[in-house]
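Structure record follows, encoded as structure tokens.
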Amino acid sequence: MLQTQGRIDVIQHVELREGLYRDSVMLMLLSKVLSEDSKIYQPIVAMATTLNVELAQSAGYEIPDGSNTDLLIAFRTDEDSPHRCLQLVENLLNESGGRVEPREGTNRTATSLGRTIKDYRAEVALISVPGEHAAYQAAEAIEAGAHPLIFSDNVSIESELNLKKLAEPLGLIVMGPDCGTVILDGVGLGFANVTAVGPIGLVSASGTGAQQVLALCDQAAIGVRHVLGLGGRDLTDDIGGISARTALSFLDEDPTIEVIGLIAKQLGPVTEKSLERVISNMTTPVVRIPTEDLTSGTAGLLTAARSELPELPVWKPTRERQKRTGRLVGLFSGGTLALESKCIADAAGCEAEIVDLGADEYTIGRPHPMIDNTLRLERLDEVAKDKSIGAVLIDVVLGHGAAADPATELESVIRKIQAPVFVSLIGTRNDPQDRDKQATTLAQAGAEVFLSNARATQAAVIQ
Amino acid sequence: MKAHKESRLLREPTIAAAGVRLLSDALRTQGIAVVDASWEPSPEGTALPLSQVATDPRRLEANARAVQAMIESKPEVVGVTTAGEALGLEPRQFLHSGPPLTWEEASGPLRGALVGALLLEGEVENPTDAWEMCERDRIELFPCHSRSAVGPMAGVISASMPVYEIRDEVNNHVTYSNLNEGLGKVLRMGSYSNEVIKRLRWMKTNLAPILDDAFKRHGPFDVRALLAQSLQMGDEGHNRNRAGSALFLREMAAHIAQCNYANSEIAQVFEFIDGNEHFILNMVMPAAKAAADAARDIPGSTMVVAMARNGTEFGIQVSGAGDRWFTGRANTPSGILFPGFSEADINPDIGDSTIMETYGIGGFAMACAPAIVRFVGGSAELAHQKTRQMYEITLAENPYLQIPSMDFRGTPTGIDVAKVVSTQILPAINTGMAGKEAGTGQVGAGLVQPPMSCFEQALVAVAKSGFEK
């Protein structure tokens with residue numbers, strides 16, 4: 001039959017799959033789909049019963065000895081190899097297996113995280129269970145093929161290392177533990193600012209550090225597609241930057257990412273070397289943003305993205321700023337921001353008492369100051385009474401997950417403080433809290449408001 | 001220009017979440033596709049071993065290997081031989097179902113079956129003498145599983161009994177089981193009346209040689225292929241084997257008919273098989289055992305390779321923990337009773353037939369068997385729910401064994417003790433129910449739950465093995 005069609009380069013494929021049973025109705029449908037393919041001739045996919053074998057023989061196929069529990073696959077094609085056709089057969093044979101349509105509401109089928117990931121083909125698993133349970137959930141996510149984002153803290157460093165070792169060969173990024181800020185394809189998970197999707201990708205060992213960079217990129221009107229959080233310990237030599245490596249190569253593979261910013265905190269010397277090797281093999285430029293000065297680092301990032309750090313807005317208080325006459329007190333919700341301010345104050349030789357109210361010792365049994373300002377309000381009340389304090393510096397972090405209206409909460413206590421008050425307002429123009437309104441409220445209460453924590457600190461340390 | 005690897009790019013990702021609803025709700029308000037797992041903390045004391053096995057670098061690969069070996073095993077019945085020869089049993093040595101135990105610990109049906117086996121072996125004249133011999137500790141007991149065998153219910157196998165020989169060429173492994181006697185008053189349910197012993201003798205003298213002859217004529221009988229078909233014909237392979245038994249008889253009839261026996265004797269064989277809708281069970285059980293054995297002894301694997309009950313205890317074995325049994329007190333099944341029996345008559349869970357669930361069918365394939373959904377509360381939807389739940393605690397889907405009513409999804413295969421403990425979902429087990437009193441026989445069929453403690457102990461053992469490596 002084939003010869004009459006004048007096809008001389010036709011190849012023939014015949015095989016018996018031992019013991020693979022499929023119902024005849026399904027196989028008939030499968031053969032029908034195959035015969036509709038313009039490159040496949042006389043396909044026969046059937047159980048190798050006597051009848052079917054005879055049928056195949058009469059179609060000119062030579063069938064090896066087998067039993068009626070074997071599956072016969074026979075076809076001819078004028079393609080160079082049977083590969084594509086076999087792949088098609090394979091897909092059709094397995095098409096029915098393992099597919100579950102996502103169900104809405106109470107009919108949900110999945111209980112476990114692993115099953116949920118598989119059933120809904122989720123790419124990312126957001127894990128916020130108590131720390132002692134987090135490693136197991138993250139391992140389930142890895143097993144199911146999703147990037148785990150571990151929001152939970154109190155995960156042991158051994159577990160972190162083991163999880164990251166499991167994920168690395170699979171190309172999965174373990175974000176965290178204790179990872180608060182992640183943006184994936186413009187979507188913020190956890191504490192993240194509203195930002196446009198653009199050519200920048202960030203890899204960050206610090207949550208509030210990333211938020212500062214986001215705020216400044218937003219001011220420069222340049223978008224960020226991904227922020228991949230690592231957790232604070234990833235870049236230490238204990239972990240060795242495993243997640244950072246995977247995250248960097250992940251961003252390098254994304255053709256829409258033109259520049260990568262690496263927000264490095266606690267970078268270990270061995271890790272630094274290994275990251276340098278990774279970066280030297282990448283096509284996408286990587287700009288290091290040290291947490292000692294996030295604003296200068298961001299300026300470098302923006303330059304690499306063929307943009308520049310714009311003139312940053314400052315919201316001045318109505319009353320004239322007094323000269324600082326005593327020590328600087330900083331009460332922070334963001335650990336990295338506290339660290340940055342401390343560096344700048346130290347470098348300027350300014351006597352400064354900088355406290356990170358988000359540190360573990362302050363958050364046991366109470367919410368983080370980014371969500372709840374109660375503790376900070378108490379501390380600011382004390383500050384207002386202390387006449388020996390020369391200047392006060394606080395951060396106000398906006399975005400998803402942060403308090404709904406922090407300026408209104410802080411307003412009255414700021415009014416009570418005699419010393420000059422400086423605020424680092426970390427937010428973007430489209431954050432749900434309305435950044436400019438927050439700034440205006442704070443300025444009207446007497447604070448001088450900056451978009452950059454470094455700039456706020458520099459202003460505060462001036463004698 | 002950068003290489004474009006589409007699969008690795010995250011675009012409008014779907015998020016699965018476990019933990020604080022606040023975070024996923026925040027995503028939902030942004031219009032993001034997010035699905036919450038219904039996570040609850042696992043019981044006190046399990047978080048540490050769970051995180052230890054989960055972060056054990058061996059586990060993912062070990063489990064993948066274990067479940068692949070189970071799925072790819074290809075067990076075939078090659079013939080019928082005798083237990084004494086094949087399993088090295090002496091006349092007063094007996095195999096029983098489940099984890100090891102002593103006569104003192106044995107429940108009624110197991111004791112009854114041992115009495116019957118002593119009578120069959122001709123070691124005693126009457127049940128009273130048999131009972132006395134057992135009381136005096138003159139018999140030796142071994143679990144079937146310790147001799148590459150499995151037996152339904154009491155699972156008693158004695159030296160002269162015929163056994164099926166199942167060969168898995170893929171793994172070069174052989175397993176065994178005795179021949180199924182039918183329903184009602186039978187040895188495996190603890191009956192030892194004259195009628196029971198008479199039937200067992202006929203099975204030795206007639207049924208076994210005829211079947212062996214037929215198998216030799218037919219050639220190796222592919223059990224997995226038979227199961228693949230019977231699951232599409234309303235069987236689940238444990239409590240329903242009607243289609244499988246019919247398929248078996250159909251395929252073997254010509255070969256049985258050619259045996260050199262009188263027509264009336266051949267007819268008896270046909271009649272016997274026709275009268276026993278569980279005839280095939282004693283072939284599919286050792287086949288499932290062969291598949292499970294293929295997954296044994298893989299360091300770091302948390303996959304279950306045996307679940308078995310001895311009427312007193314429920315025990316499991318796990319690939320990464322060798323031959324060690326992890327046991328808990330056997331629960332009493334609940335289900336549908338034969339007329340004349342009450343709940344009080346039901347013996348605690350017994351039998352090696354949970355090897356079917358170990359292999360991913362039976363209770364796991366409940367969705368295949370709408371005819372017996374009365375066991376799970378009466379509706380086909382409940383049967384589907386049971387099966388769907390089993391995908392939560394298993395590692396893979398068996399491409400050879402499909403569930404037609406779930407769009408030909410593969411059966412949930414390879415129970416992971418870590419998933420059982422973390423979800424607190426127990427394997428769904430279908431089972432026959434034996435009478436508590438020795439000699440009663442079968443009183444019904446239904447469902448049973450294994451004790452969670454077996455899975456917790458096994459988890460801890462594999463977790464510890466991670467530090468000993």
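The values are calculated or read from the model by the stated rules, or taken from the named source; none is laboratory data. Keep in mind that what you see is a predicted model, and the values were worked out from it rather than measured. We place every Cβ from the backbone using ideal geometry, glycine too, and count neighbours over all the protein chains shown. Just so you know, the surface numbers come from the protein's heavy atoms only, side chains and all, with ligands and any DNA or RNA stripped out. Shrake-Rupley method; radii C 1.70, N 1.55, O 1.52, S 1.80 Å.
Take the residues of region B:180-198 that are surrounded by fewer than 20 Cβ atoms within 10 Å (Cβ to Cβ) and not small (Gly, Ala, Ser): which is modelled with the lowest pLDDT?
Checked region B:180-198; the qualifying residue modelled with the lowest pLDDT is B:LEU183.
Quick one: how many residues across region B:204-233 are more than 9 Å from chain A (Cβ to nearest Cβ), small (Gly, Ala, Ser) and touching a Gly at 6+ places or on another chain (Cβ under 7 Å)?
Qualifying residue count for the region: 1.
Which of the numbered conditions does B:VAL53 fail, given that it passes all the others? Conditions: (1) touching a residue at least 40 places away in the same chain (Cβ under 8 Å); (2) within 14 Å of chain A (Cβ to nearest Cβ); (3) in contact with an Asp or Glu (Cβ under 8 Å, 6 or more places away or on another chain).
If we test B:VAL53 against (1) touching a residue at least 40 places away in the same chain (Cβ under 8 Å); (2) within 14 Å of chain A (Cβ to nearest Cβ); (3) in contact with an Asp or Glu (Cβ under 8 Å, 6 or more places away or on another chain), just (3) comes out false.
Would region B:407-416 turn up any residue that is at negative phi and out of contact with any strand residue (DSSP E or B) (no Cβ under 6 Å at 6 or more places or on another chain)?
no
Given B:THR128, B:THR82, which one is surrounded by fewer than 23 Cβ atoms within 10 Å (Cβ to Cβ), hydroxyl-bearing (Ser, Thr, Tyr) and touching a residue at least 40 places away in the same chain (Cβ under 8 Å)?
One residue alone meets the criteria, B:THR82.
Specify which of the listed residues (A:LEU170, A:LEU163) is within 21 Å of B:THR14 (Cα to Cα), within 11 Å of chain B (Cβ to nearest Cβ), touching a helix residue (DSSP H, G or I) at 6+ places or on another chain (Cβ under 8 Å) and aliphatic (A, V, I, L, M).
It is A:LEU170.
Within region B:154-207, how many residues are among the aliphatic types (A, V, I, L, M) and assigned to a helix (DSSP H, G or I)?
Number satisfying all stated conditions: 7.
If A:ARG306 passes every condition in (1) more than 14 Å from every other protein chain (Cβ to nearest Cβ); (2) touching a residue at least 40 places away in the same chain (Cβ under 8 Å); (3) not in a helix (DSSP H, G or I) but one, which one does it miss?
So the condition that A:ARG306 fails would be (2).
Kindly check whether there is at least one residue in region B:224-243 that is charged (D, E, K, R), more than 24 Å from the chain's Cα centre (by Cα) and not assigned by TED's automatic domain parsing to the domain that holds B:ASP352.
no
Being without any contact (Cβ under 8 Å) to a residue 40 or more places away in the chain and in contact with a Phe, Trp or Tyr (Cβ under 7 Å, 6 or more places away or on another chain), is that true of even one residue in region B:395-414?
Among the residues of region B:395-414, not one is without any contact (Cβ under 8 Å) to a residue 40 or more places away in the chain and in contact with a Phe, Trp or Tyr (Cβ under 7 Å, 6 or more places away or on another chain), which makes the answer no.
Can you tell me which of (1) farther than 23 Å from B:ILE336 by Cβ; (2) in the same structural domain as B:VAL373 (by TED's automatic domain parsing) is the one B:ALA254 doesn't meet?
(2)
Residue by residue, here is whether (1) within 25 Å of A:ASP153 (Cα to Cα); (2) under 27 Å from the mean Cα position of the chain (by Cα) holds:
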residue	(1), (2)
A:THR363	yes, yes
A:ARG366	yes, yes
A:VAL383	no, no
A:ILE394	yes, no
A:VAL397	yes, yes
A:GLY401	yes, yes
A:SER424	no, yes
A:ALA439	no, no
A:VAL461	no, no
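Surrounded by 24 or more Cβ atoms within 10 Å (Cβ to Cβ) and out of contact with any strand residue (DSSP E or B) (no Cβ under 9 Å at 6 or more places or on another chain), is that true of B:ASP274?
It is false that B:ASP274 is surrounded by 24 or more Cβ atoms within 10 Å (Cβ to Cβ) and out of contact with any strand residue (DSSP E or B) (no Cβ under 9 Å at 6 or more places or on another chain).
With the condition kept exactly as written, say whether any residue in region A:405-414 is under 14 Å from A:LEU337 (Cα atoms) and out of contact with any Pro (no Cβ under 7 Å at 6 or more places or on another chain).
No, the conditions are met nowhere in region A:405-414.
Residues are listed down the side, and each one gets a yes or a no for (1) surrounded by 24 or more Cβ atoms within 10 Å (Cβ to Cβ); (2) at pLDDT below 95; (3) within 13 Å of chain B (Cβ to nearest Cβ); (4) assigned to a loop (DSSP other than H, G, I, E, B):
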position: A:ALA196; (1), (2), (3), (4): no, no, no, yes
position: A:GLN211; (1), (2), (3), (4): yes, no, no, no
position: A:ALA215; (1), (2), (3), (4): yes, no, no, no
position: A:ALA221; (1), (2), (3), (4): no, no, no, yes
position: A:GLY232; (1), (2), (3), (4): no, yes, no, yes
position: A:LEU235; (1), (2), (3), (4): yes, no, no, yes
position: A:SER249; (1), (2), (3), (4): no, no, yes, no
position: A:THR256; (1), (2), (3), (4): no, no, yes, yes
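Could you check region B:216-247 and list, in sequence order, the residues that are among the basic types (Lys, Arg) and more than 15 Å from B:PRO370 (Cα to Cα)?
Passing the criteria: B:LYS216, B:ARG217, B:ARG224.
Listed here are the residues, each with its yes/no results for (1) within 27 Å of A:ASP346 (Cβ to Cβ); (2) within 19 Å of the chain's Cα centre (by Cα).
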{"site": "A:GLY207", "(1), (2)": "yes, yes"}
{"site": "A:THR246", "(1), (2)": "no, yes"}
{"site": "A:LEU267", "(1), (2)": "yes, no"}
{"site": "A:MET282", "(1), (2)": "no, no"}
{"site": "A:PRO285", "(1), (2)": "no, no"}
{"site": "A:ALA305", "(1), (2)": "no, no"}
{"site": "A:LEU309", "(1), (2)": "yes, no"}
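Since B:ALA418 meets every condition but one in (1) out of contact with any Gly (no Cβ under 9 Å at 6 or more places or on another chain); (2) more than 13 Å from chain A (Cβ to nearest Cβ), which condition does it not meet?
Only one criterion in (1) out of contact with any Gly (no Cβ under 9 Å at 6 or more places or on another chain); (2) more than 13 Å from chain A (Cβ to nearest Cβ) is unmet by B:ALA418, namely (2).
Looking only at residues that are part of a helix (DSSP H, G or I) and among the β-branched types (Val, Ile, Thr) in region A:142-160, which one is farthest from the other protein chains (Cβ to nearest Cβ)?
A:ILE157
Condition first: part of a helix (DSSP H, G or I), open to solvent by 50 Å² or more (accessible area, probe 1.4 Å) and small (Gly, Ala, Ser). Now tell me which residues in region A:43-74 satisfy that.
Passing the criteria: only A:SER58.
Looking at B:SER245, B:SER264, which one is in a helix (DSSP H, G or I), among the small types (Gly, Ala, Ser) and under 29 Å from B:THR440 (Cβ atoms)?
It is B:SER245.
For every residue, the table says whether it meets (1) away from chain A (no Cβ under 14 Å); (2) open to solvent by 10 Å² or more (accessible area, probe 1.4 Å); (3) in contact with a helix residue (DSSP H, G or I) (Cβ under 9 Å, 6 or more places away or on another chain); (4) modelled with pLDDT under 95.
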residue	(1), (2), (3), (4)
B:GLU44	no, yes, no, yes
B:ASN63	no, no, yes, no
B:ALA66	no, no, yes, no
B:ILE71	no, no, yes, no
B:PRO100	yes, yes, yes, no
B:GLU105	yes, yes, no, no
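Output yes when any residue across region B:140-161 is open to solvent by less than 20 Å² (accessible area, probe 1.4 Å), more than 20 Å from B:THR102 (Cβ to Cβ) and of a type in the set (Ser, Thr, Tyr), and no when none is.
The answer is no; no qualifying residue exists.
Kindly evaluate A:ILE183 against the criterion of being at pLDDT 95 or above, assigned to a loop (DSSP other than H, G, I, E, B), buried (at least 24 other Cβ atoms within 10 Å of the Cβ) and touching a Leu at 6+ places or on another chain (Cβ under 9 Å).
For A:ILE183, the condition - at pLDDT 95 or above, assigned to a loop (DSSP other than H, G, I, E, B), buried (at least 24 other Cβ atoms within 10 Å of the Cβ) and touching a Leu at 6+ places or on another chain (Cβ under 9 Å) - is not met.
Considering region A:309-350 alone, what residues qualify as being outside any loop (DSSP other than H, G, I, E, B), open to solvent by 20 Å² or more (accessible area, probe 1.4 Å) and of a type outside the set (Lys, Arg)?
Selection gives A:VAL314, A:TRP315, A:GLY335, A:LEU339, A:CYS343, A:ILE344, A:ASP346, A:ALA347.
Suppose we keep only residues that are over 18 Å from B:GLN317 (Cα atoms) and open to solvent by 10 Å² or more (accessible area, probe 1.4 Å) within region B:426-442. Which one would you say is nearest to the other protein chains (Cβ to nearest Cβ)?
Result: B:GLY432.
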